[in-house]
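Novice: Once you've had a glance at the structure underneath, I'll fire off some questions.
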Amino acid sequence: MSAAPATIRRLDPVLVDRIAAGEVVERPASAVKELVENAIDAGARSIEITIECGGRRLIRVVDDGRGMSPDDLALAVERHATSKLPDGDLSAIATLGFRGEALPSIGAVSRLSITTRPEGAEAGASLVVDAGRKGEVVPAAAARGTRIEITDLFAATPARLKFLKSDRAENAAVGEIVRRLAAAQPGIRFTLRTEAGQPLVLPAEAGDEASLRRLASVLGPDFKANALPVDLQREGFAVSGHVGLPTFHRGAGSHIHLVVNGRPVRDRLLLGAVRGAYADTLASDRHPVLGLVIACAPDLVDVNVHPAKTEVRFREPGLVRALVVSAIHDALRRGGARSATTGGMRTIEALRPAAPRLTAHTGYAAPSLFQTGSAPRPRDMPSYGAPSGYNGPVYRPTPGLAEAVQELLQPPLSLPPALPPQAEVAPETEAALEDHPLGAARAQIHGTYILAQTRDGLVIVDQHAAHERLVYERLKAQRAAGGIARQGLLIPDVVEMEPEAAERLCACADDLERLGLALEPFGPGAVLIREIPALLIGASLRDLVTDILDALDASGLEEGGDPATETGPLGRRLDAVLSRMSCHGSVRAGRRLKPEEMNALLREMEATPNSGQCNHGRPTSVELKLSDIERLFGRR
């Protein structure tokens, strides 16, 4: 027997609020975000956040904003009540919060206490909402601003508690929210207190470099030395901020901060634009570090497309994407000739002798290069401070260890031949070379690395990686200027391959010819190459064609389109092919270079955009400051 259909009825208002809270308050970090955004909209200049047990037990947000009158306080915890839409126009939203759902939704799933006092009022007011049950507004002593406390979050919805993560994970989520809001609002002081360690304090910043200093506080102190300024405007949109050098990267995308009209967002369009801008200079598994601010009129962007307000929709998405790509490209062209400063620091740390380790039981150093054993210690072996009468394990050298260490400490040098007397560089010219960013070439190590001396340090250059980038940039410049210079082969070369690969290659013959590679079918499973780019003379054509096929398969290059379009999909795929080509026209590792050749390479690197990293995102040079080298040898 089937059950009778249920009768439609209105849900209890408290139950409605608890259901609505599921969209607004997913976890403690969501509640913190809503409360901090309200504080920012209230004009606060200092915001202090305190959480306990990952936010389950307590969330407290105290600000020095405008505060609320008793009447406004009573209305603030009602659904869809807000002061941020004075004319009800959803196309002109100039605040971070505007839905009027945060406070009633939080109050429906916790115990919410609000104490507030507006400037000029003699006394404040207080209100408590317990699991959706609203109390009375009562007078209370309060400082100017608002103090909100949330206790027993999700106590009214126990099922939600089961989906929360550990206290450490929830603390980390709250910290990420606070950092993103702080990066978007450098003029506000933020303080985050948790039970785990020291509080996070981000002082208010002012002046011309306020945004850069705040980003350095959020992204780490190394960001400031490796950041490039961005400032570009077009058709009602403005992009500003700072982007990190391509060689200053991270393994996750959490260090990308995007702000739209003061609102931190994680928008797919903007993230895609950032990835596209760095695609030419960054390894595929690495992510850039940056902070970008997009400003426009409120009616040019819709911020009401996501319940958590983390995504936006632009009226002209193509224009915004092109603007972001162009702004980052311009910044990298201006400063991309240098590598990140962290490369030198990592090198110094790798060279620094390791401090001796202390054992837990004996308290004397136990060198890791020695193995334990029961045999007595040889007479010529140092005791390393072993106490008298010690009968524990002793340490003896591993067989062959001394010879291996000696070989590592004294790598063979491959110095280029000295200049003939008639070609020696004049002292003033030599001094001038050291004033260049990459200095004057002094030696070549293992036929691969160039050692250059600067006024205040040493630069190590990977000659193959550097020249690969230089060839790539030349090929791109020639393509943009109307065509890549080609060289006809005296005897056309036949390259054999799988029939499917030959068909794939010949299908793209027209596009490849625009890149300087002229080929045609030559029977089943073979192609005939008649012309190649002039910069690739001497390259192995078989290896060249194999790499081009890999690039075509990876990028999905197809016929048609305008190859001169740098930011379009086809242009980016053609750049991928050029990147593979440039590897075959560059100076190979192991090739001896003359001093004048090394200096010419350094000078061209300084004049070429993006030469601080190779086509695969690896640094082309590492700089060691003289002060760091002196510390390494104990001179400082």
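The values are calculated or read from the model by the stated rules, or taken from the named source; none is laboratory data. Remember, it's a predicted structure, so these values are computed and weren't measured experimentally. Don't worry about glycine lacking a Cβ; one is built from the backbone with ideal geometry, like all the others, and counts go over all protein chains shown.
Novice: So Ala121 fits all but one of (1) over 42 Å from the mean Cα position of the chain (by Cα); (2) outside any loop (DSSP other than H, G, I, E, B); (3) touching a residue at least 24 places away in the same chain (Cβ under 8 Å); what number is the exception?
Specialist: Here Ala121 meets the rest and fails (2).
Novice: Of the numbered conditions (1) over 17 Å from Gly54 (Cβ atoms); (2) out of contact with any Lys or Arg (no Cβ under 7 Å at 6 or more places or on another chain); (3) crowded, with 21+ Cβ neighbours inside 10 Å; (4) not small (Gly, Ala, Ser), Ile188 fails exactly one; give the number of that condition.
Specialist: (2)
Novice: Kindly establish whether Ala589 is closer than 23 Å to Leu541 by Cα, at pLDDT below 80 and out of contact with any Leu (no Cβ under 9 Å at 6 or more places or on another chain). If you could, list the steps in order and put the result at the bottom.
Specialist: Numbers: closer than 23 Å to Leu541 by Cα: yes; at pLDDT below 80: yes; out of contact with any Leu (no Cβ under 9 Å at 6 or more places or on another chain): yes.
Considered against the rule, which asks whether it is closer than 23 Å to Leu541 by Cα, at pLDDT below 80 and out of contact with any Leu (no Cβ under 9 Å at 6 or more places or on another chain), Ala589 comes out as yes.
Novice: Search the stretch 194-240 for residues being out of contact with any Leu (no Cβ under 9 Å at 6 or more places or on another chain) and part of a helix (DSSP H, G or I), and hand back the single one that is nearest to Ile294 (Cα to Cα). Outline the logic, then answer.
Specialist: Looking only at the stretch 194-240, we keep the residues that are out of contact with any Leu (no Cβ under 9 Å at 6 or more places or on another chain), and these are 195-198, 203-204, 206-213, 216, 220-222, 225, 231.
Subset that is part of a helix (DSSP H, G or I): 210-213, 216, 222, 225.
Numbers: Ala210: 17, Ser211: 13, Leu212: 16, Arg213: 19, Ala216: 19, Asp222: 24, Ala225: 23 Å.
Residue satisfying both the conditions and the ranking: Ser211.
Novice: Show the residue pairs that are 6+ apart or on different chains and have beta-carbon atoms under 9 Å apart, the first residue being within the stretch 481-494 and without any contact (Cβ under 8 Å) to a residue 24 or more places away in the chain, the second being surrounded by 14 or more Cβ atoms within 10 Å (Cβ to Cβ) and of a type in the set (Val, Ile, Thr).
Specialist: Filtered contacts from the stretch 481-494: no entries.
Novice: Is it the case that some residue within the stretch 151-159 is at pLDDT below 90 and in contact with a His (Cβ under 6 Å, 6 or more places away or on another chain)?
Specialist: no
Novice: Another question, then. For the stretch 128-154, which positions are within 19 Å of Glu34 (Cα to Cα) and part of a loop (DSSP other than H, G, I, E, B)?
Specialist: We begin by selecting, within the stretch 128-154, every residue within 19 Å of Glu34 (Cα to Cα); these are 128-132, 145-154.
Those that are within 19 Å of Glu34 (Cα to Cα) and part of a loop (DSSP other than H, G, I, E, B): Ala131, Gly132, Asp152, Leu153, Phe154.
Novice: Evaluate the following for Phe190: is it assigned by TED's automatic domain parsing to the domain that holds Glu26, closer than 30 Å to Ser105 by Cβ and assigned to a loop (DSSP other than H, G, I, E, B)? Full working, then the answer.
Specialist: Values: assigned by TED's automatic domain parsing to the domain that holds Glu26: yes; closer than 30 Å to Ser105 by Cβ: yes; assigned to a loop (DSSP other than H, G, I, E, B): no.
Taking the combined requirement at face value, the residue does not satisfy it.
Novice: Quick check on my filter: what residues within the stretch 468-485 are surrounded by 15 or more Cβ atoms within 10 Å (Cβ to Cβ) and out of contact with any Lys or Arg (no Cβ under 9 Å at 6 or more places or on another chain)? Talk me through it step by step, then tell me what you get.
Specialist: So in the stretch 468-485, the residues surrounded by 15 or more Cβ atoms within 10 Å (Cβ to Cβ) come out as 468-476, 478-479, 484.
Residues satisfying the conditions are Glu468, Arg469, Leu470, Val471, Tyr472, Glu473, Arg474, Leu475, Lys476, Gln478.
Novice: Among the residues of the stretch 497-512, count how many are in contact with a strand residue (DSSP E or B) (Cβ under 8 Å, 6 or more places away or on another chain) and either under 27 Å from Glu473 (Cα atoms) or surrounded by fewer than 12 Cβ atoms within 10 Å (Cβ to Cβ) (or both).
Specialist: Adding up the residues that qualify gives 4.
Novice: With the condition kept exactly as written, say whether any residue in the stretch 211-233 is among the aliphatic types (A, V, I, L, M), under 21 Å from the mean Cα position of the chain (by Cα) and more than 26 Å from Ser326 (Cβ to Cβ).
Specialist: no
Novice: Next question, about the same structure. Starting from the stretch 594-622, keep only residues that are farther than 20 Å from Leu282 by Cα and touching a residue at least 40 places away in the same chain (Cβ under 8 Å), then list their pairs with residues that are of a type in the set (Val, Ile, Thr) and in a strand (DSSP E or B) whose Cβ atoms are within a distance under 6 Å, requiring at least 6 positions of separation or different chains.
Specialist: Matching pairs, first to second residue: Met598/Ile450.
Novice: Of Leu438, Leu475, which residue is closer than 18 Å to Arg603 by Cα and in contact (Cβ under 8 Å) with a residue 60 or more places away in the chain?
Specialist: Values: Leu475 fails: closer than 18 Å to Arg603 by Cα.
Being closer than 18 Å to Arg603 by Cα and in contact (Cβ under 8 Å) with a residue 60 or more places away in the chain holds for just one of Leu438, Leu475, which is Leu438.
Novice: Can you work out which of the residues in the stretch 287-301 that are over 23 Å from the mean Cα position of the chain (by Cα) and surrounded by 16 or more Cβ atoms within 10 Å (Cβ to Cβ) is nearest to Ala340 (Cα to Cα)? Steps first, please.
Specialist: The first filter runs over the stretch 287-301 and keeps only residues over 23 Å from the mean Cα position of the chain (by Cα), leaving 296-301.
Applying the additional criterion that residues be surrounded by 16 or more Cβ atoms within 10 Å (Cβ to Cβ) yields 296, 300-301.
Numbers: Cys296: 32, Leu300: 36, Val301: 35 Å.
For the stretch 287-301, the residue satisfying everything is Cys296.
Novice: Within the stretch 497-537, take every residue that is closer than 26 Å to Leu470 by Cβ and without any contact (Cβ under 8 Å) to a residue 40 or more places away in the chain and give me the one that is nearest to the chain's Cα centre (by Cα).
Specialist: First, the residues of the stretch 497-537 that are closer than 26 Å to Leu470 by Cβ: 508, 511-519, 529, 531-537.
Keeping just the survivors that are without any contact (Cβ under 8 Å) to a residue 40 or more places away in the chain gives 513, 518-519.
Details: Glu513: 36, Ala518: 39, Leu519: 41 Å.
The residue in question is Glu513.
Novice: Being in a strand (DSSP E or B), free of Cβ contacts under 8 Å to residues at least 40 places away in the same chain and under 17 Å from Arg214 (Cβ atoms) is the filter here, so list the residues in the stretch 241-291 that pass it. Before the answer, list the steps.
Specialist: First, pick out the residues of the stretch 241-291 that are in a strand (DSSP E or B): 241-244, 249-250, 256-260, 263-265, 287-288, 290-291.
Within this subset, residues satisfying the condition of being free of Cβ contacts under 8 Å to residues at least 40 places away in the same chain are 250, 256, 258, 287.
Of everything in the stretch 241-291, those that are in a strand (DSSP E or B), free of Cβ contacts under 8 Å to residues at least 40 places away in the same chain and under 17 Å from Arg214 (Cβ atoms) turn out to be Ile256, Leu258.
Novice: Right, next: Scanning the stretch 127-167 for residues that are farther than 25 Å from Ser46 by Cα and of a type in the set (Lys, Arg), which turns out surrounded by the most Cβ atoms within 10 Å (Cβ to Cβ)? Even if it seems obvious, please write down each step before you answer.
Specialist: Residues of the stretch 127-167 farther than 25 Å from Ser46 by Cα: 129-138, 152, 154-167.
Cutting the leftovers down to of a type in the set (Lys, Arg) gives us 133-134, 160, 162, 165.
Numbers: Arg133: 12, Lys134: 16, Arg160: 18, Lys162: 7, Lys165: 12.
It comes out as Arg160.
Novice: Select from the stretch 446-467 the residues that are surrounded by 18 or more Cβ atoms within 10 Å (Cβ to Cβ) and charged (D, E, K, R) and list them in ascending order.
Specialist: If the condition is that a residue be surrounded by 18 or more Cβ atoms within 10 Å (Cβ to Cβ) and charged (D, E, K, R), then Asp462 is the only one that fits.
Novice: Still on this structure: Being part of a helix (DSSP H, G or I) and more than 22 Å from His255 (Cα to Cα) is the filter here, so list the residues in the stretch 292-333 that pass it.
Specialist: Start the filter on the stretch 292-333 by keeping residues that are part of a helix (DSSP H, G or I), which leaves 298-300, 317-333.
Matches in the stretch 292-333: Pro298, Asp299, Leu300, Pro317, Gly318, Leu319.
Novice: Quick check, is Ser284 within 19 Å of the chain's Cα centre (by Cα), small (Gly, Ala, Ser) and farther than 21 Å from Ala183 by Cβ?
Specialist: Working: within 19 Å of the chain's Cα centre (by Cα): yes; small (Gly, Ala, Ser): yes; farther than 21 Å from Ala183 by Cβ: yes.
Yes: the conditions hold for Ser284.
Novice: What helices (runs of 4 or more DSSP H), lying completely within the stretch 1-92, carry at least 1 residues that are touching a Lys or Arg at 6+ places or on another chain (Cβ under 7 Å) and modelled with pLDDT under 70?
Specialist: Details: elements: 13-24, 28-41, 70-76.
Counting at least 1 such residues, we get 13-24.
Novice: Right, here's the next one. What is the one condition in (1) within 29 Å of Arg79 (Cα to Cα); (2) touching a helix residue (DSSP H, G or I) at 6+ places or on another chain (Cβ under 9 Å) that Arg144 does not satisfy?
Specialist: (2)
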